[in-house]
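No value in this document is a laboratory result; all are computed from the given coordinates. If you're wondering where the values come from, they're calculated on a predicted model, not measured in any experiment. Here the Cβ positions follow ideal geometry from the backbone for every residue, glycine too, while neighbour counts run over all protein chains shown.
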Amino acid sequence: MVEGSEKVVTAAQNIHTLRPDARVKLEIADLAISYGAQTILSDVNFSIYEHEIFGIIGPANAGKTSFIKAVNRMDMFTSSMHVDGQILFNGRDNKSLRNVYALRNRIGVVFPLPVGLPLSVYDNVALAPRLSGIKSKEKLDVIVERCLTRAALWDEVKDRLDSLGSLLSGGQQQRLTIARALSQDPELLMLDEFSIAVDPVTTMRIEDVLKELKKEVTIILVTNLVQQARRLADRTAFFLEGKCVEVGITEELFTGTVKDQRTRDYVEGRFG
Amino acid sequence: MAENPIVAAVERPQAVAPQEADFDNRNSDWFIDKAVQILVFLGGISAIVFIIGIFVFITKEGAGFLFADLDIVEFFTSPRWRPTSEHNPTYGILALVVGTASVTGLAMVVAIPFSLGAAIYIAEFATGKTREFLKVLVELLAAIPSVVWGFIGLTIMNPLIIQVFDVPVGLNVLNAGVILGLMAAPIMTSIAEDALNAVPDRYREAAEAMGATRWQVTIRAVLPAAKNGLLGAVLLGVGRGFGETMAVLMATGHSINLPSSVFDSVRALTATIAAELGETAVGSNHYMALFTIGIFLFVITFIINLTADLIVRGVRKG
């Protein structure tokens with residue numbers, strides 16, 4: 001455990017050598033998630049810094065999606081899901097908030113399967129701004145165009161903003177979902193395998209957008225594609241069988257010494 | 001808080017803290033959400049309160065008889081329902097229970113194949129205008145008042161049965177069963193079709209892609225996915241059969257009888273209450289006996305619904 005801590009610390013220090021002023025956005029301490037009697041994720045300890053892309057890789061059933069759900073308190077409506085330990089968002093324990101919706105306002109989430117709400121394309125993207133009280137048509141127009149452009153969808157839908165979002169193709173709906181998450185103007189953006197239904201060219205375009213977005217928001221990128229994590233993430237955590245096996249500077253996980261041989265095996269595609 | 005190894009080892013960086021106040025600020029949206037939660041809670045509770053209220057009311061009305069003069073064994077095992085006898089009134093509902101059960105049973109034999117067949121045709125096989133037309137037609141059939149069905153039983157089915165089967169009376173189990181079956185079929189069709197429509201198309205597409213025929217798709221993919229809804233439709237029909245009053249009053253012949261064949265006249269529990277309650281003195285044994293029948297109907301309906309619920313949840317007893 002001591003050995004492990006040292007390794008993690010190295011990674012944490014490294015981000016400070018890259019960006020000495022980086023501040024903690026999200027701090028995870030002794031996180032454990034269980035459904036009923038079954039613990040599916042435990043012993044998670046790391047911090048995510050402002051303006052970094054933090055990759056989470058790992059095979060199926062590693063607890064990646066549950067981690068995302070725990071961060072924005074989506075365990076509230078899943079009575080069997082139990083979260084132990086602490087998740088500090090901007091230094092605040094996310095269980096201690098009196099208004100959990102204020103937390104969710106600041107966190108954008110993109111789920112693996114596209115969810116075009118049964119509203120028009122425009123209304124899909126304008127939903128979050130409207131929820132937060134923006135009524136002016138001009139302001140909404142600007143937000144909708146900016147978010148759709150960033151999600152690489154604007155050119156395809158600009159002539160049919162009134163058609164139903166749920167009728168777009170799967171890939172388009174996924175980009176609509178991303179646009180909607182951006183429209184919240186989140187401080188933290190969590191993407192759970194966003195590219196699963198998107199073609200490679202569009203995926204690249206969205207990846208470029210994410211690199212740009214990093215200047216404004218903090219991004220957690222859960223991905224099955226190890227190379228995507230390598231392309232985008234500043235640091236990456238490797239989840240395996242309900243444990244956080246390793247956290248480190250992404251490039252080190254691929255080229256440097258790793259704490260755990262399983263990490264190397266996974267990133268080099270030898271299992272999983 | 002447990003020591004975080006990362007934070008413990010490096011000098012703790014300053015956490016970001018912009019506008020922290022709104023995490024604890026319960027704004028109007030938050031209060032509206034709470035208010036709505038309370039409202040829907042009251043709405044949900046009120047349904048339970050009403051049900052309990054009804055049960056308490058009918059129990060109270062029947063209590064003077066139920067807990068005093070009623071011979072419970074005779075009540076359930078005697079086929080003699082003679083509440084108006086001057087010297088020796090008897091209160092046996094066996095014949096009435098058998099009457100209701102036989103009519104409902106026959107109605108289900110008629111309605112289940114018709115309604116499930118119609119639902120499968122509309123949801124899985126029919127397309128375009130045929131489908132839309134049939135849907136509207138089914139909705140329309142479901143809206144026919146039960147007294148009209150009773151009228152059909154009296155004036156059309158009655159002579160038809162006498163003629164075809166050469167029996168003296170056409171108002172019998174067969175008549176009421178068919179009428180009740182036809183009556184329950186449209187609403188069961190409607191519910192069953194909703195259940196089939198709720199099955200996502202991706203199930204059909206996945207099965208079709210493997211070369212399954214339309215019928216194979218239906219039987220292998222759609223029906224298993226919709227089985228709870230279909231069971232719900234059938235149990236709704238059973239509930240309808242038990243509770244239906246006017247049509248069975250008109251079509252059964254309304255004579256107290258333990259039927260030996262479908263050509264015997266019977267009398268139903270509900271029809272008995274409907275026909276006799278207006279003629280009894282409030283508070284008399286007869287009046288209270290009718291309420292006891294009401295309690296019995298209530299309990300039966302409760303058991304049917306509970307069973308349906310348990311089956312739908314996949315919980316089996318024992």
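Hey, got the average number of other protein chain Cβ atoms within 10 angstrom for residues in A:87-96?
Whole-number average of other-chain Cβ neighbours for A:87-96 is 3.
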Test item: A:98-111 mean partner chain Cβ contacts at 10 Å: 3
Could you give the alpha-carbon Rg of chain A over 2.2 N^0.38 Å, rounded to two decimals? 1.01
Given 20 °C, 1.002 mPa s and a Kirkwood radius over Cα pairs, the Stokes-Einstein diffusion coefficient of the protein assembly as shown in µm²/s is 72 µm²/s
Quote the charge dipole size of the range A:28-127 about the Cα centre in Debye, to the nearest 20; the model charges only the Cβ of Lys and Arg (+1) and of Asp and Glu (-1). 260 debye
Long-range amide H partners of A:Val109 with built H, under 5 Å: A:Met190
Taking only the alpha carbons of the range A:41-164, the radius of gyration and the largest Cα-Cα distance, Dmax, both in angstrom, are 17.4, 49
Kirkwood hydrodynamic radius of the range B:98-267, Cα pairs, Å: 17.0 Å
DSSP beta bridges in the protein assembly as shown, what fraction antiparallel, as a percent rounded to 5? 55 percent
Burial order of peptide ranges B:196-207, B:237-248, B:172-183, A:201-212 (average beta-carbon count within 10 Å, highest first): B:172-183, B:237-248, A:201-212, B:196-207
Sort A:70-81, B:50-61 by packing, meaning the average of other beta carbons within 10 Å per residue, with the highest value first. A:70-81, B:50-61
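Could you tally the net charge around A:Ser183, taking each other residue with its Cβ under 10 Å from the Cβ of A:Ser183, Lys/Arg +1 and Asp/Glu -1?
Summing Lys and Arg as +1 and Asp and Glu as -1 gives +3.
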Quantify how strongly other chains surround peptide A:23-30 by giving the mean number of their Cβ atoms within 10 Å of each of its Cβ atoms. 5
Distance in Å, no decimals, from the C-alpha centre of the range A:64-140 to the one of the range B:222-285 is 52 Å
Cα principal axis extents for chain B, largest first, Å: 99, 59, 41
If I stretch the segment between B:Val136 and B:Leu306 completely, what's the gain in nm (0.36 nm per residue apart, minus their alpha carbon distance), one decimal? 58.0 nm
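What percent does the relative contact order of chain A come to when contacts are Cα pairs within less than 8 Å and at least six residues apart?
It rounds to 27 percent for chain A.
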Residue-by-residue Karplus 3J(HN,Hα) for the range B:22-36, coefficients 6.51, -1.76, 1.60, Hz, glycine and proline x: 5, 5, 10, 8, 7, 7, 4, 4, 5, 6, 4, 4, 5, 4, 5
Can you list the residues, at least 5 places off or on another chain, whose amide H is less than 5 Å from the amide H of A:Lys95, using H built in the peptide plane? A:Ile87
Tell me the angle of helix A:170-183 to the major Cα principal axis of chain A, expressed in degrees between 0 and 90 and rounded to the nearest ten. 90 degrees
